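Scroll down for the structure; my scribbles are underneath it.
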Amino acid sequence: MGSSRSLLSAVQRETLHALSGESARFDELLSRHTTLKIGGPADAWVAPPDIDSLSKVIQFCIAEDLPMLAIGGGSNLLVRDGGVRGVVLSTRGLRALSVNSDKVVTVESGVSTGKLLSSATKWGLGGLEFLGGVPGSLGGGMVMNAGTYLGEFKEVTLLVRSMRLCDGVIVERDNAECGFVYRGSALPTSEIVVEAELKLTPRSIEEITEVVKSIRTRRKEREPSGASNAGSVFKNPEGDFAGKLIESVGYKGTRVGNAECSPAHANWFVNHGGARASDMLTLIDGARAKVAAEHGIELVLEWKCIGED
Ligand SMILES: Cc1cc2nc3c(=O)[nH]c(=O)nc-3n(C[C@H](O)[C@H](O)[C@H](O)COP(=O)(O)OP(=O)(O)OC[C@H]3O[C@@H](n4cnc5c(N)ncnc54)[C@H](O)[C@@H]3O)c2cc1C
């Protein structure tokens, strides 16, 4: 499929392909890279196989004045229908994961939360049980400070290393400098997280497994299944629940095209197949307007919206 609006020349495409370990795809539909299965094309999508290749891709994009944007597992992303101009940097290839004798885990940003949790369990290290049932990558988890009622990344993170998209330099931030807050952080969008160090605590494999099993069971009972989604749409307002507020205004089951406010959980909007970002955005605006009108509360999006209309 070709995009007449692509920013990239044929030479740039060839170079990006070579620099990114031949991972590059062009005019790549981002619906293939988001759990919502929504999103128009990126001019280029690359998944360099290691930090060194990522650095070369970034240096090239800087020299060629190509915009860049980082994505991880795409599990908290609504990509607009017009897609993304420039180069989408996927962390999928950054998969190194190790532990030292001080129980410090060093993990690259493309490692999935599932792999991280299963490795920590195997090593008899607790602290990540909160990740049971949370999809995505380490990098996205850091940016979002992903978490559940059992904890969040803020509690186990020693430091985060990110590569600046303006000059390719790696900067290191300790926990306080990351500015972790409820479902967010101060990690800037002008950088790509490449690696983090986490401090975990010895715990028996049986105990970890038991806790993870119970959080997964609890989630299964409460969360919609079957349709594509990206988890909670809105952050919970202080002292309240977004789902409760949306349900109270009679919004459950509201549909725009194939996008629906789930009848099973009002703060989960699902794609029944073929929904457009514009449908989802209309559904989001509708929920916000109703909750604002009836409760005077402005719901804040937890999803990140990227791309062009
Ligand atoms: C079924 C389901 C259940 C969920 N449950 C939970 C839950 O219980 N708790 C919770 O907190 N979240 C939950 N989520 C949301 C999501 O899993 C988290 O927000 C997750 O941390 C996002 O990680 P990701 O790698 O998919 O990030 P993406 O969706 O790819 O990106 C999210 C944001 O981070 C940026 N980003 C990603 N990687 C990098 C990087 N390496 N460097 C710089 N920026 C980056 C992106 O640009 C974007 O702004 C759920 C989602 C689903 C689909």
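The values are calculated or read from the model by the stated rules, or taken from the named source; none is laboratory data. Note that this is a predicted model, so its numbers are computed, not measured. In this analysis, Cβ positions are derived from the backbone assuming ideal geometry, glycine residues included, and neighbour counts consider all displayed protein chains. Heavy atoms of the whole protein, side chains included, go into the accessibility calculation; ligands, DNA and RNA do not. Shrake-Rupley method; radii C 1.70, N 1.55, O 1.52, S 1.80 Å.
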Q.
Given the condition touching a residue at least 12 places away in the same chain (Cβ under 8 Å), of a type in the set (Lys, Arg) and outside any loop (DSSP other than H, G, I, E, B), answer yes or no: does some residue in the stretch 52-68 qualify?
A. yes
(Q) For the stretch 175-184, give me each residue that is surrounded by fewer than 20 Cβ atoms within 10 Å (Cβ to Cβ) and within 21 Å of Leu97 (Cβ to Cβ). (A) Asn175
Q | Matching residues, the stretch 228-282, being closer than 20 Å to Gly296 by Cα and among the basic types (Lys, Arg) | A | Lys235, Lys244, Lys252
Q: Look at Asn145 and say whether it is surrounded by fewer than 23 Cβ atoms within 10 Å (Cβ to Cβ), within 13 Å of Glu197 (Cβ to Cβ) and either modelled with pLDDT of 95 or more or under 16 Å from the mean Cα position of the chain (by Cα) (or both).
A: no
Q) Out of (1) without any contact (Cβ under 8 Å) to a residue 60 or more places away in the chain; (2) open to solvent by less than 40 Å² (accessible area, probe 1.4 Å), what's the single condition that is false for Glu195? A) (1)
Q. If the Cβ limit is 9 Å and pairs must be 6+ apart or interchain, which residue in the stretch 213-242 that is under 12 Å from Gly133 (Cα atoms) pairs with which residue that is outside any loop (DSSP other than H, G, I, E, B) and within 10 Å of the ligand (Cβ to nearest atom)?
A. Ile215/Phe130; Ile215/Leu131; Ile215/Thr148; Arg219/Thr148
Q: Take the stretch 247-270 and flag every residue that is among the hydroxyl-bearing types (Ser, Thr, Tyr) and either within 13 Å of the ligand (Cβ to nearest atom) or part of a strand (DSSP E or B) (or both).
A: Ser262
Q.
modelled with pLDDT of 95 or more, within 9 Å of the ligand (Cβ to nearest atom) and closer than 19 Å to Pro135 by Cα: is that true of Gly151 in this structure?
A. no
**Q.** Residue that is nearest to Leu187 (Cα to Cα) [pool: residues in the stretch 271-309 that are within 16 Å of the ligand (Cβ to nearest atom) and open to solvent by 60 Å² or more (accessible area, probe 1.4 Å)]
**A.** Lys304
(Q) Just the residues that are within 18 Å of Leu165 (Cβ to Cβ), open to solvent by 10 Å² or more (accessible area, probe 1.4 Å) and of a type in the set (A, V, I, L, M), please, taken from the stretch 25-65. (A) Ala47, Ile51, Ile62, Ala63
Q) Consider Thr113 against the criteria (1) surrounded by fewer than 22 Cβ atoms within 10 Å (Cβ to Cβ); (2) within 8 Å of the ligand (Cβ to nearest atom); (3) under 19 Å from Ile205 (Cβ atoms): it satisfies all of them except one. Which criterion is unmet? A) (1)
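Let's see how each residue does on (1) in a loop (DSSP other than H, G, I, E, B); (2) crowded, with 19+ Cβ neighbours inside 10 Å:
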site: Leu159; (1), (2): no, no
site: Cys166; (1), (2): yes, no
site: Glu172; (1), (2): no, no
site: Glu207; (1), (2): no, no
site: Gly226; (1), (2): yes, no
site: Gly231; (1), (2): yes, yes
site: Leu245; (1), (2): no, yes
